[in-house]
């Protein structure tokens, strides 16, 4: 493809991806409310549209027309910038997540991934997810509120504590795969998912990912019993909606990453069975099925996250830090060593 065609492809891919994430965010909120309602023997939202399917639209319209306030002594420009700094990294991470192979569109082979075959894909993911905490920290600092500041400090401490264990769980994966290219990692799972080869690494990754997103039971930065609403206490209207959006897009992102690293990515479930018994359901034979398989796997992991929120109570802050430093970090270090020894013995 020439430069013009390449740029046009990138623009279209970016717009489609942004639309998918914004729609996914909206309906993830509905999914969470309906699933938790089931757990609690309630009905959940069912008034706005058929089966409540227009509830996210109603919530969005409400937030658009709500009055936006900025505290008198807040740092105005940083206060406005912080929600955007929280939301943008969550979207940018999806540039390297493999969404499928290539599709033939009007004679052109168009890759479904914006940056396919990036040879430092995992490093890119770790770098971008690390800077997402800046939006939360700046929101707490710029609000000129003790509650907001405490929430942002908790978030930064939690991010540092759990990111180490997350990184080590991916180090063990890299030791096994021998690559940082996320497309190559997905291709290596044609026969068997890495969840079965790296079960402890997968569990550590998913636990630390919940902590990175500040989801229950790790939602200490916005503990309403202690901090009103934490770092976003002073936010309202669309600025609050951006923080809300960032949290739910991050849920989708960590689910997509977990699927990519440990559950075969966009490849078919039960790969050996489908490849031999039902070849028409194989991604290699029907490429359009790739994004569908990926979406279904992401939805399953989203339901698991909601299930965890509905089941487990919030950690006490000191126990949360101890769990990160005294349990997950030593466990992930030991797992890296075990993985390295097994690879050496196999080689």
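The values are calculated or read from the model by the stated rules, or taken from the named source; none is laboratory data. What you see is a predicted model; the values in this text were computed from it and never measured. Counting neighbours? That spans all protein chains shown, and the Cβs are built from the backbone with ideal geometry, glycine included.
Here are some notes:
- Hey, residue 253 modelled with pLDDT of 90 or more, in contact with a helix residue (DSSP H, G or I) (Cβ under 6 Å, 6 or more places away or on another chain) and over 29 Å from residue 137 (Cα atoms) or not: no
- Within the stretch 312-347, the residues that satisfy the criterion of being under 25 Å from residue 159 (Cα atoms), in a helix (DSSP H, G or I) and without any contact (Cβ under 8 Å) to a residue 12 or more places away in the chain are 318, 319, 322, 323, 326, 327, 330, 334, 337.
- The residues of the stretch 21-36 that are surrounded by fewer than 17 Cβ atoms within 10 Å (Cβ to Cβ) and under 14 Å from the mean Cα position of the chain (by Cα) amount to a single one, 22.
- Any chance residue 45 is crowded, with 16+ Cβ neighbours inside 10 Å and either without any contact (Cβ under 8 Å) to a residue 12 or more places away in the chain or under 22 Å from residue 129 (Cα atoms) (or both): no
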